[in-house]
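Contents: one structure, followed by commentary.
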C-alpha cells in the first residue's frame, strides 16, 4: 500500500490536462489514480473488519518494557534462564538457544510460578486461549 500511495502522488500530478501532455496521458493518470484510491479504500475496510473480528487481542500492547515484562512475569520458562547474566554474550546466547530448543511457547491464560492465574506468554500447555468477547470491545 505504501508503494501504491507513492505512485499515487506521482500520478496525481498528471491529471490536470495541459498543453504539454496528450489527452491520453491525462486519462491514464486519472484511471490509475482512481484505481489506487479504490484499492486503498477497500484495503482500509478489510483491515478494519479483520481487526474487529479478531478474538485474540492483547490486553496491553507490549510497546514498553513494563508491558512486555508483565506478560513474562512468573512464567515457568523464566526459571530456566536464571544465572545467565553472569555469562559472556556468546555463552549466554548458546545457553538461551539450548533452553528454548524443543519447546513451544504461546500466549494465553497461564498459572505462574507464584500460583496465580494471569494472561501471559509461557511454554505450552497453557490453561486456555485468551479471547476478548465482541461485547467487551464495544464497552471500551
Where residue 118 falls short, out of the listed (1) surrounded by 14 or more Cβ atoms within 10 Å (Cβ to Cβ); (2) at pLDDT below 85; (3) not in a loop (DSSP other than H, G, I, E, B):
(2)
Test for residue 78: is it under 28 Å from the mean Cα position of the chain (by Cα), surrounded by fewer than 10 Cβ atoms within 10 Å (Cβ to Cβ), in a helix (DSSP H, G or I) and assigned by TED's automatic domain parsing to the domain that holds residue 124
no
Is there a residue in the range 53-62 that is over 30 Å from residue 13 (Cβ atoms), modelled with pLDDT of 85 or more and not in a strand (DSSP E or B)?
no
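Among the listed residues 91, 70, which satisfies the condition of being in the same structural domain as residue 117 (by TED's automatic domain parsing), in contact with a helix residue (DSSP H, G or I) (Cβ under 9 Å, 6 or more places away or on another chain), in a helix (DSSP H, G or I) and farther than 30 Å from residue 1 by Cβ? Explain how you work it out, then say what you get.
Numbers: 70 fails: in contact with a helix residue (DSSP H, G or I) (Cβ under 9 Å, 6 or more places away or on another chain).
It is 91.
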Of 123, 104, which residue is surrounded by 11 or more Cβ atoms within 10 Å (Cβ to Cβ), modelled with pLDDT under 85 and over 30 Å from residue 1 (Cβ atoms)?
123
Scan (1) assigned to a helix (DSSP H, G or I); (2) farther than 30 Å from residue 14 by Cβ for the single condition residue 109 breaks and write down its number.
(1)
Out of 97, 46, 38, I need the residue that is out of contact with any strand residue (DSSP E or B) (no Cβ under 7 Å at 6 or more places or on another chain), assigned by TED's automatic domain parsing to the domain that holds residue 113, at pLDDT 85 or above and loosely packed, with under 13 Cβ neighbours inside 10 Å. Which one?
97
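The values are calculated or read from the model by the stated rules, or taken from the named source; none is laboratory data. Predicted model only: the values in this text are computed from it and were never measured. As a convention, Cβ positions derive from the backbone with ideal geometry for all residues, glycine included, and neighbour counts pool all protein chains shown.
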